[in-house]
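S.K.: If you scroll down you'll find the structure; I have some questions about it.
The values are calculated or read from the model by the stated rules, or taken from the named source; none is laboratory data. As the structure is a computational prediction, the values presented were derived from the model and not from experiment. Every residue, glycine as well, gets a Cβ built from its backbone with ideal geometry; the counts of neighbours run over all protein chains shown.
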Amino acid sequence: MKKLMVTGSSGLIGSESVTYFDGRGWEVHGVDNNMRRDFFGPDGDTTWNLERVKAQTSHFTHHVVDIRDRATVLSLLETLKPEFVIHCAAQPSHDLAASRPFDDFDVNAVGTMNLLEATRRFAPEAVFCHMSTNKVYGDAPNFLPLKELDTRWEYADEEDFGGIRETMSIDQCKHSLFGASKVAADVMVQEYGRYFGMKTACFRGGCLTGPAHSGAELHGFLSYLIKCCYIGRPYRIFGYKGKQVRDNIHSLDVSRALEAFYENPRPGEVYNLGGGRGNSVSILEAIAKAEAVTGKTMTYEYVDKNREGDHICYISDLTKTREQLPGWDISKTLEDIFEEIAAVLR
């Protein structure tokens, strides 16, 4: 039986990966200490998701491990020696990083370094997939020519219509401290591939979403927005007239991409991974869709100050991902995503 280790295994992508690979006969080991609750309070608590995963799996073992604990991470990799490592654990919020910079960097950068070196020492042939973020591009996408439409911002130049490509610079722009710590992790994952020849990849996620998301105001755009609409909690829009655009990808399609890389690994690779143009939506458009799917009226307020380093319009160009991961493509539409999140709330 092949062995997989997933960090952040009670979170959105981690839990999807656990159930996905468990269903394919893998022995799966999850690493999670529910730090999301520490970061985001009760909205971020993933205990419910851990219990769901335990109930739905047959070959899953949970390990309460903090990835900042180098000795424990080294010991765990020495014991498990997995064929595949999926690294999802992270501090994912711009705003929280500014108030807790040491925690942000220690989790995102140092934690990733601990896992990479432990894998190199004890499982050097393993495939290592890192869930990076589109925030490694900082605010550089905001300097592309844009045009304002009725409900969204849009790329003004035809050559940008397909979205952001992996060739965009990650240098000399504002990232937020979160974005900077993820850059450090992203570059180190690439370096372990290029320097040591390990089979590593960074997946620079757009808006990763799905029904297993413990969405909070500081992280979890669609999940939190739909939850606010359903329970009648006021939602706050931060800047850009509510016309900022994100491309949303279902957690299942993320797991399918990770599997495709495992089957066709390369050293030090980088992929943009979002929902693409077909799954793109602005906040104003998302509010209308949330109202339609829940049958409720959204209460929201506008804050005339965007979040630092936030993107105005971000759509992932999936050309390279589709070309290098044969058989992979988006299988869950934006409508599927809204319906599934609303169904869990109901």
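S.K.: Out of the residues in the stretch 37-50 that are charged (D, E, K, R) and within 17 Å of GLY210 (Cα to Cα), state the one that is modelled with the highest pLDDT.
M.R.: Once the filter is applied, the top-ranked residue is ASP45.
S.K.: So how many residues does the stretch 130-149 have that are surrounded by 21 or more Cβ atoms within 10 Å (Cβ to Cβ) and over 14 Å from ASN272 (Cβ atoms)?
M.R.: The qualifying residues number 1.
S.K.: Please find, among ALA343, ALA290, the residue that is surrounded by fewer than 17 Cβ atoms within 10 Å (Cβ to Cβ) and in a helix (DSSP H, G or I).
M.R.: Answer to the check: ALA343.
S.K.: Follow-up. Scan the stretch 59-80 and report the pairs whose first residue is over 22 Å from ALA185 (Cβ atoms) and whose second residue is among the charged types (D, E, K, R), with Cβ atoms within less than 6 Å and a gap of 6+ or a chain change.
M.R.: Final answer for the pair search is HIS59/ASP22; HIS59/GLU27; PHE60/ASP22.
S.K.: Pick out, from the stretch 71-131, the helices (runs of 4 or more DSSP H) lying fully within it that include 1 or more residues that are among the hydrophobic types (A, V, I, L, M, F, W, C), under 17 Å from GLY30 (Cβ atoms) and in contact with a strand residue (DSSP E or B) (Cβ under 7 Å, 6 or more places away or on another chain).
M.R.: 111-122
S.K.: While we're here: For the stretch 150-169, give me each residue that is surrounded by 20 or more Cβ atoms within 10 Å (Cβ to Cβ) and in contact with a helix residue (DSSP H, G or I) (Cβ under 9 Å, 6 or more places away or on another chain).
M.R.: Hits for the stretch 150-169 are ARG152, TRP153, GLY163, ILE164.
S.K.: Tally time: how many residues in the stretch 1-27 are acidic (Asp, Glu) and not in a helix (DSSP H, G or I)?
M.R.: 1
S.K.: Closer than 27 Å to GLU125 by Cα, buried (at least 17 other Cβ atoms within 10 Å of the Cβ), of a type in the set (Ser, Thr, Tyr) and modelled with pLDDT of 95 or more: is that true of THR57 in this structure?
M.R.: Spelling it out, THR57 is indeed closer than 27 Å to GLU125 by Cα, buried (at least 17 other Cβ atoms within 10 Å of the Cβ), of a type in the set (Ser, Thr, Tyr) and modelled with pLDDT of 95 or more.
S.K.: For residues that are of a type outside the set (Lys, Arg) and closer than 22 Å to LEU318 by Cβ, scanning just the stretch 188-203, find the one that is surrounded by the fewest Cβ atoms within 10 Å (Cβ to Cβ).
M.R.: Only one residue fits best here, namely GLN190.
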